[in-house]
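The structure appears right after this line, and notes come after that.
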Amino acid sequence: MDIQSFIPIATFLSDYLGEDCEVILSDSTKEKVVFVKNAHHNHIKIGSPLSSVEKKFLDNKLYKEKDSIINYRAFSSEHKKLRSATHFIKNDQLELIGMLTINYSVSPLIELRDVLNNLISGSTSNEDSREEFYESFNVSFEDLMNTTIMDAIKKYDIPPERLSHEEKIELIRTLDEKGTFLIKGSIPELAKLLDTSETSIYRYINKL
C-alpha cells in the first residue's frame, strides 16, 4: 500500500470541503508532508516535516489504540482558530504508513456567533465561555488533554464534582470518543476534577 494512492481522496476532500478546510496527507515513515491543499499554515508545503501534534501522535503510538483522533483544537500560524481531526492510515499488517489531517477554520463561525449573541442578548460571549485553542506547532499533549477535559466539562454549567452519575458517564464517553484516555495522566487529572478515585473513573469507562 502506497501513501501516494491516498492523494486523490485528499484532493476530493479538500475540493468538497472548500478553502476554509486545510487537508494534509503525511507519510509517517518519512515523517514528511506529501500533499497539502487550502493551507492555513503558510510554511506547510510538500516535503515539510510533520507538525508537532502529528509528531506527538506518532511518538506516543496513538495509532495502535485508535483509528482517528477527532475534534481537537488548534491555532494556525496566522492565528486562525481550527477544529481538527487526524485519521491514521495503516497497511494490511496494521502498521502506520501515513496520516490524513483536516483542519477546519472556525474563526468566521465564532465571529458570527458573537454577532448573534450580541443581537440576541446585547452582549458578546465572554472569555469564560470561549473554547481554548492551541498553537498547532507548540502544543503539548498535557495542554491538549487538560483543555479537552475542560471543554467537555463546561457544557454542564455546574462544578464538575457535582455532576450526577449519568452526567459523569456522558462526560467520560465524550472524552473517550476524543481519545483523551490514550494520553498519559488523563485519568488522574479527571479523577481530581471530579473529586473521585481513579478506580471509579476506570469503572465508568468499563460501562461504556
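The values are calculated or read from the model by the stated rules, or taken from the named source; none is laboratory data. Source: prediction; values computed, not measured. All Cβ positions, glycine included, derive from the backbone under ideal geometry; neighbour counts span all protein chains shown.
Please specify each residue of region 3-36 satisfying the condition of being under 14 Å from residue 97 (Cβ atoms) and polar (S, T, N, Q).
Passing the criteria: 4, 5, 26, 28, 29.
How many of the residues making up region 153-165 are over 14 Å from residue 203 (Cβ atoms), more than 22 Å from the chain's Cα centre (by Cα) and without any contact (Cβ under 8 Å) to a residue 24 or more places away in the chain?
Total meeting the criteria: 5.
Residues checked against (1) surrounded by 14 or more Cβ atoms within 10 Å (Cβ to Cβ); (2) assigned by TED's automatic domain parsing to the domain that holds residue 84; (3) of a type in the set (Val, Ile, Thr); (4) at pLDDT below 85:
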residue: 140; (1), (2), (3), (4): no, no, no, yes
residue: 145; (1), (2), (3), (4): yes, no, no, yes
residue: 153; (1), (2), (3), (4): yes, no, yes, no
residue: 163; (1), (2), (3), (4): yes, no, no, no
residue: 166; (1), (2), (3), (4): no, no, no, no
residue: 180; (1), (2), (3), (4): yes, no, yes, yes
residue: 184; (1), (2), (3), (4): no, no, no, yes
residue: 191; (1), (2), (3), (4): yes, no, no, no
residue: 196; (1), (2), (3), (4): yes, no, yes, no
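For every residue, the table says whether it meets (1) surrounded by 14 or more Cβ atoms within 10 Å (Cβ to Cβ); (2) more than 17 Å from the chain's Cα centre (by Cα); (3) in contact (Cβ under 8 Å) with a residue 12 or more places away in the chain.
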| position | (1), (2), (3) |
| --- | --- |
| 12 | no, yes, no |
| 17 | yes, yes, yes |
| 25 | yes, no, yes |
| 34 | yes, yes, yes |
| 40 | yes, no, yes |
| 44 | yes, yes, yes |
| 51 | yes, no, yes |
| 58 | yes, no, yes |
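So which residues in region 144-193 are basic (Lys, Arg) and part of a helix (DSSP H, G or I), if there are any at all?
Going residue by residue through region 144-193, those that are basic (Lys, Arg) are 154-155, 162, 168, 173, 178, 184, 192.
Of everything in region 144-193, those that are basic (Lys, Arg) and part of a helix (DSSP H, G or I) turn out to be 154, 162, 168, 173, 192.
In this structure, is residue 86 without any contact (Cβ under 8 Å) to a residue 60 or more places away in the chain and not in a helix (DSSP H, G or I)?
Numbers: without any contact (Cβ under 8 Å) to a residue 60 or more places away in the chain: yes; not in a helix (DSSP H, G or I): yes.
Yes; evaluated as a whole, the condition is true for this residue.
Taking region 11-27 on its own, how many of its residues are over 17 Å from residue 42 (Cα atoms) and of a type in the set (Asp, Glu)?
2
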